[in-house]
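Chemist: Take a look at this one; I'll ask things after.
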Amino acid sequence: MLPTNATFLKSSTLLEQCPTPDKPEFAFIGRSNVGKSSLINMLVNKKNMAKTSGTPGKTRLINHFDVSSNLGSWYLVDLPGYGYAKISRSEREKWEEMIDLYLSDRENLLCTFVLIDVRHEPQKLDLEFCLKLGQEGMPFALVFTKADKEKPGAVERNVNAFCNKLLETFAELPNVFVTSATERIGRERLLGFIGENLKK
């Protein structure tokens, strides 16, 4: 699957404000500062489509992008990060409610890509988020980011450590992708996976 064009569509604070669910949809989420915007820009081959920032927690809305490809058009969704962000508790609770409603009720959502920073050992927050998706039967895949920042051996160790932790509660692993936005590692595999889902 090859994206031919991608454009920002709209930002929403509520599920009912999201675009009409008339196209297949893929969402991206992860802890703040995991490299989500860089990964999205790399996938669609546009330098500044999703806004990158040095400030964690910059994405605070459900952001829809319309992507055209050789297999038809689809929605790419940039979700607010979970975890660290300099916001009040009440605002954080609103975020969580917004994300939960989107993930559980968005009828055209085919897969949620959970981004994990491959430089770190398994983090409780990431594991808990994956467990929540699994318990609620929501399709998701793991996308390890920033693979260029570590030696291959360290990348493999951290990926295996995270997957082994998941297997303590999961009967089987979701699809796993290792990526680097800087080196464009994993782009073909990830787009291929999206393409397979579009064909279905």
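Computed from the coordinates by the stated procedures, all read-outs in this text should not be read as laboratory data. From a predicted model like this one, the values you see are computed outputs, not experimental measurements. Every residue, glycine as well, gets a Cβ built from its backbone with ideal geometry; the counts of neighbours run over all protein chains shown.
Chemist: Fully extended, how many nm does the chain gain between LYS47 and ASN108 (0.36 nm per residue separation, minus their Cα-Cα distance)?
Modeler: Length gained, LYS47 through ASN108: 19.3 nm.
Chemist: Grab the other residues whose beta carbon is less than 11 angstrom from that of THR182, score K and R as +1, D and E as -1, and report the net.
Modeler: +1
Chemist: Separate question: Taking the Cβ of MET98 as the center, what net charge do the other residues with Cβ under 12 Å away carry, scoring Lys and Arg +1 and Asp and Glu -1?
Modeler: After counting each charged neighbour, the total is -3.
Chemist: What residues of the stretch 1-41 lie in the reach of a label at ASN175, counting those whose backbone N is under 15 Å from a point 7 Å from the Cα along Cα→Cβ?
Modeler: Answer for this model: 1-3, 24-29.
Chemist: Report the label-to-label distance for ASP100 and LYS200 in nanometres (one decimal), using points 7 Å from each Cα along the Cα→Cβ vector.
Modeler: 2.7 nm
Chemist: Please report Rg (one decimal) and Dmax (integer) in Å for the Cα set of the chain.
Modeler: Cα-based Rg and Dmax for the chain come out at 15.8, 45 Å.
Chemist: Continuing with the same structure: Could you pull out the chymotrypsin sites (Phe, Trp or Tyr not before Pro) across the stretch 118-200 that fall in loop regions by DSSP (anything but H, G, I, E, B) with no more than 16 other Cβ atoms inside 10 Å?
Modeler: Sites meeting the loop and neighbour criteria: PHE170.
Chemist: Using 0.36 nm per residue, how much length does the chain from LEU2 to LYS149 gain when fully extended, once their Cα-Cα distance is taken away?
Modeler: 50.3 nm
Chemist: How far apart, in nm, are the 7 Å Cα→Cβ label points at ARG189 and ASP66?
Modeler: 3.3 nm
Chemist: Quick one: net charge around LYS124, please, counting Lys, Arg +1 and Asp, Glu -1 for every other residue with C-beta under 15 Å from its C-beta.
Modeler: -2
Chemist: Sticking with this one: Given a Förster distance of 30 angstrom, what is the FRET efficiency for LEU9 paired with ARG89, based on the Cβ-Cβ distance and rounded to 0.05?
Modeler: 0.45
Chemist: Also, I was wondering about something else. Just to check I understand the Karplus step: with θ = phi - 60° and J = 6.51 cos²θ - 1.76 cosθ + 1.60, what whole-Hz values come out for the stretch 129-144, glycine and proline as x?
Modeler: Listing the rounded values in order: 5, 5, 4, 4, 4, x, 5, 8, x, 8, x, 8, 9, 9, 10, 7 Hz.
Chemist: Just tell me which lysines come within less than 22 Å, Cα to Cα, of LYS47; anything on the same chain fewer than 8 places away is out.
Modeler: Filter leaves LYS10, LYS36, LYS58, LYS146, LYS149.
Chemist: Can you give me the convex hull volume of the Cα atoms of the stretch 136-193, divided per residue and expressed in Å³?
Modeler: 87 Å³
Chemist: Still on this model: Run the helix sum for the chain: -39,500 (n - 2.57) per DSSP H stretch of 4+ residues, divided by residue count, reported at 222 nm to the nearest 500 deg cm²/dmol.
Modeler: -10500 deg cm²/dmol
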